[in-house]
Amino acid sequence: MTIAALVLAAQLGTLFAVERVAIVASAGTADGQAALRYADRDAERLEAVLRELGGFDRIEHLRQPRAQQLREALARVEQEAARNPTVQMVFYYSGHADAHGLLLGGERFSFDELRTRLEGSRASVRVAFIDACYSGSLVRPKGGQRAPGYALDTVEPARVSGAAIISAGTATELAQESGDIEGSYFTHHILSALRGAGDRDGDGVVTLAETYQYAYSHTLAATLPSLWGPQHPSYEYRLSGTGELPLTRLARSGQALTFPQGDGRVFLVSTTGDEVIAEVTSRPDARVRLALPAARYHVLERQERKARLAEIALASAGGDVAVDRAIFHEVAPELAFAKGGRPPPRNEIAVDVALTGLGPGVINTPELGVGYFRRWSWLTLGPHVSLGQHDGTISNVPFSLKRATASLFALRRVPVGISDVQLGVALGLAAIQEQIDVRPSRFGWAPSASALFALDVPFVRWLAVRMLWSAGVEVLRVDEQRQASLELGASLGAVLRQ
């Protein structure tokens, strides 16, 4: 065994001899804020990683806590630290925040109080991960800063003491969630790092420095194209001692996936139930080892807009399983949402061709349409106009119909995989001119109402294909009387998004 290996073994022996405790808090609701979708789920995932790979003696998970419950949990850590000065504490929060503190229902747990408790704690090590909007306010007053992933210094010359705070963004940035990974970007990459994606030196131990370096670069890269703009994790690092601070040890898991060397290929690992577990970027110099519980997993390899999928089984204590290449299928870009917020509305211009069945004996009228819509996170709303003409015969009598329709569309969006299913209604008014044989042409107005079903399939962020079906009634004048006539339609179009 080399001298370096002996030193590492000594460090790990020291690490797991001490008492390690964690407070994992999640608060998905707060007064005046939109409910978060994944706060509890992110916290549960982190708790699982700390149990599996972190060697933690006690983990306390507080769901939707009051401010006093947070104080009591921190006080319990102080009681343990009074009995055992080697206690190491990890504090994690996923939820709402503003520039002044964590938002817990109708209460606020101020950043000043949290900082004071962390700095004054008797625990030998205190590490805080804050996944919330404006969480950089916690690190900014005391010299914390936004910095590149390599800027977090490791503690050189195997005991470490002090405090470190890692926040999801700066004091002015929103922490963003993703529907694709069903969690926040920041926590997602923290979890990936702790499971082994962040083990840069390949020694089987993921340190705090490696965790931050991985989370910074990958969170920034993932949020660059988002509607809210890039998100920059921040840090305040005040640790000292004679070694780095390990957070997880990959050898604690008896099985792992190993990913081939490569030039930055991205692998997304999920359960067969489509719960995303981790994200791995291949390295040119070494294989990446990802420690996971025994189960069956889907591994999706991303390359631009393409993907390859493999299903791999890990047996308990069955050792490592190499990831092999498998089948291909296309992956569309995801749409990011800000934690506690909604993306701003986008503009859409839709151009379509349609076939519309109108009235008795008149079917398959071709129409050309154009629409302008405002697209919110759950609603698409806007005007649509179309123009069509049908020339044919009824009982061998020549017939011609021209129809121009102006409608208002309202569609409720429901994401399904990479696509959007939309359900809604359209209210319209049609100007109709008809001529039968050599009789004088007739002109009239016809109001209409239809139920709509649409499917949007995105190609890139700014372009999608929309298939739309409609069924409703149009009120026509027949023999000087108003009659409701069945109207069926189907259209295919392109949607340009700003």
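Looking only at strands (runs of 3 or more DSSP E) that fall completely inside the stretch 275-323, which ones have 3 or more residues that are at pLDDT below 85?
295-303, 306-314
Looking only at the stretch 170-218, how many residues end up being within 12 Å of the chain's Cα centre (by Cα) and among the β-branched types (Val, Ile, Thr)?
2
Write out, first by first residue and then by second, each pair whose Cβ atoms fall under 6 Å of each other, whose residues are 6+ apart or on separate chains, and whose first residue, in the stretch 432-445, is of a type in the set (Asp, Glu) while the second is part of a strand (DSSP E or B).
Listed pairs, sorted by first residue: Glu434/Leu401; Glu434/Arg442; Asp437/Val397; Asp437/Pro398.
Just to check your reading of the model, which residue among Phe129, Phe109, Phe91 is modelled with pLDDT of 90 or more, part of a strand (DSSP E or B), over 26 Å from Ala193 (Cα atoms) and not polar (S, T, N, Q)?
Exactly one of Phe129, Phe109, Phe91 is modelled with pLDDT of 90 or more, part of a strand (DSSP E or B), over 26 Å from Ala193 (Cα atoms) and not polar (S, T, N, Q), namely Phe109.
Would a scan of the stretch 394-408 turn up a residue that is crowded, with 16+ Cβ neighbours inside 10 Å and either farther than 23 Å from Gln483 by Cβ or in contact with a Lys or Arg (Cβ under 8 Å, 6 or more places away or on another chain) (or both)?
No, the stretch 394-408 has no match at all.
Let me spell it out: the conditions are (1) at pLDDT 90 or above; (2) surrounded by fewer than 23 Cβ atoms within 10 Å (Cβ to Cβ); (3) aliphatic (A, V, I, L, M); (4) not in a strand (DSSP E or B), and Leu62 meets all of them except one. Which number is the exception?
(4)
Please indicate, with yes or no, whether at least one residue in the stretch 371-385 is touching a Gly at 6+ places or on another chain (Cβ under 9 Å), at pLDDT below 80 and within 24 Å of Val495 (Cα to Cα).
Among the residues of the stretch 371-385, not one is touching a Gly at 6+ places or on another chain (Cβ under 9 Å), at pLDDT below 80 and within 24 Å of Val495 (Cα to Cα), which makes the answer no.
Assigned to a strand (DSSP E or B) and open to solvent by less than 20 Å² (accessible area, probe 1.4 Å): is that true of Gly489 in this structure?
For Gly489, the condition - assigned to a strand (DSSP E or B) and open to solvent by less than 20 Å² (accessible area, probe 1.4 Å) - is met.
Considering each residue of the stretch 242-276, count those that are touching a Lys or Arg at 6+ places or on another chain (Cβ under 8 Å) and within 30 Å of Ala163 (Cβ to Cβ), and give that number.
The number of residues fulfilling the criteria is 4.
From the list Ala158, Ala99, which one is touching an Asp or Glu at 6+ places or on another chain (Cβ under 9 Å) and either at pLDDT below 70 or open to solvent by 20 Å² or more (accessible area, probe 1.4 Å) (or both)?
Ala158
Mind checking which pairs have a first residue in the stretch 451-462 that is under 30 Å from Leu486 (Cβ atoms) and a second that is surrounded by 14 or more Cβ atoms within 10 Å (Cβ to Cβ) and at pLDDT below 80, Cβ under 9 Å, 6 or more apart or different chains?
Leu455/Ser419; Asp456/Ser419; Val457/Ala332; Val457/Ile418; Val457/Ser419
The values are calculated or read from the model by the stated rules, or taken from the named source; none is laboratory data. Not measured: the values here are computed from a predicted model. As a convention, Cβ positions derive from the backbone with ideal geometry for all residues, glycine included, and neighbour counts pool all protein chains shown. For the accessible areas, the whole protein counts, side chains as well, though only heavy atoms, and no ligand, DNA or RNA atoms are used. Shrake-Rupley method; radii C 1.70, N 1.55, O 1.52, S 1.80 Å.
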